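Novice: I am attaching a structure below and will ask some questions about it afterwards.
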């Protein structure tokens, strides 16, 4: 009988040690994944040269990742660039489309979707998700051209999210901007344009490429904390740019001119 009890205790101790090792390994893998996402976002930050042109070395690298030429919109390129450098398992990486169009990315993604519905539960919107919305077209109808970015934090009481976006400007969040900035948008109407014709924008929803990892209880809190650190690190650059544009109100007109001339031989 003593031998049996000894064997059972020995087996239970080994199981506990094995479980502990697995827990430590999983925790380390999660930390590595989150750190890689943090670094991937930072290394994907880009600015157009010249501003407004949808061109420049940093931007063209992102455009190449979604199979389009210089001069095209690159908000999806920014998202794809960050996600593709994150240390996902190959199966998760294969879920990310390689298209430059927001609508097509939304429609063809294999990632887990959170489709927007009026009055939706904001607790389901989580840092690390990709947001997708459509603007109105020139006639005021949908679908117009879209915009996307990465959710960094969510203010449930205000019904907003704060995200990092490529091809935008920090003053009015225009989808044809010139850089990568941190902006806050409303869930009910993601557009922050000063042009009434651009309201309301149509939120398609959110894509969660981290969904398989969120089953581990510590994953989302750790990712949330890391994205908070990213906001603190990067937002001062956005704030500085806002002040610059407010002090130089004609600058956006110059960028708009560069945009209109982006396909000319001189650009």
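Any read-out appearing in this document is the output of simple, stated calculations on the displayed coordinates, not a laboratory observation. Predicted model only: the values in this text are computed from it and were never measured. Methodologically, a virtual Cβ is constructed for each residue, glycine included, from the backbone with ideal geometry; neighbour enumeration extends over all protein chains shown.
Novice: Please work out how much length the chain gains when fully extended from residue 87 to residue 141, using 0.36 nm per residue of separation minus the C-alpha to C-alpha distance, in nm with one decimal.
Specialist: 15.5 nm
Novice: So for 125, 192, fewest C-beta neighbours within 10 Å to most, what's the order?
Specialist: So the ranking, lowest neighbour count to highest, is 192, 125.
Novice: So if each residue of separation counts as 0.36 nm, and I subtract the Cα-Cα distance between residue 29 and residue 257, what length gain in nm does that give?
Specialist: Numbers: separation 228, 0.36 × 228 = 82.08 nm, distance 4.70 nm.
So the extension gain works out to 77.4 nm.
Novice: Okay, next question. Under the definition of Cα pairs under 8 Å and six or more residues apart, what whole-number percent is the relative contact order of the chain?
Specialist: 20 percent
Novice: Taking 30 Å as R0, compute the FRET efficiency from the Cβ-Cβ separation of residue 218 and residue 122 and round it to 0.05. Before the final figure, lay out the partial values.
Specialist: Working: r = 22 Å, r/R0 = 0.72.
Efficiency at R0 = 30 Å is approximately 0.85.
Novice: In deg cm²/dmol and to the nearest 500, what is the mean residue ellipticity at 222 nm of the chain if only DSSP H runs of at least 4 residues count, each as -39500 (n - 2.57), divided by the residue total?
Specialist: -14000 deg cm²/dmol
Novice: Using alpha carbons only, how many degrees (0 to 90, rounded to 10) separate the axis of helix 251-260 from the longest principal axis of the chain?
Specialist: Tilt of helix 251-260: around 90 degrees.
Novice: Can you tell me how much longer the chain between residue 193 and residue 172 gets when fully stretched, taken as 0.36 nm per residue apart minus their C-alpha distance, in nm with one decimal?
Specialist: Residue separation times 0.36 nm, minus the Cα-Cα distance, leaves 7.1 nm.
Novice: Pairing the Cα long axis of helix 2-44 with the longest principal axis of the chain, what angle in degrees results, from 0 to 90 and rounded to the nearest 10?
Specialist: For helix 2-44, the angle is close to 10 degrees.
Novice: Using Cβ counts within 10 Å as a stand-in for footprinting exposure, how do 160, 108, 86 rank, fewest first?
Specialist: 108, 160, 86
Novice: Let me ask another. Return the label of the correct value of volume of the Cα convex hull per residue in Å³, as calculated from the structure shown, out of (i) 169; (ii) 148; (iii) 223.
Specialist: Only one option fits the structure, namely (ii).
Novice: Apply 1/(1 + (r/R0)^6) to the Cβ-Cβ distance of residue 250 and residue 39, taking R0 = 35 Å, and write down the FRET efficiency to the nearest 0.05.
Specialist: 0.45
Novice: Roughly what angle does helix 75-84 make with the longest principal axis of the chain, taking Cα atoms, 0 to 90 degrees, to the nearest 10?
Specialist: In the chain, helix 75-84 runs at an angle near 20 degrees to the longest axis.
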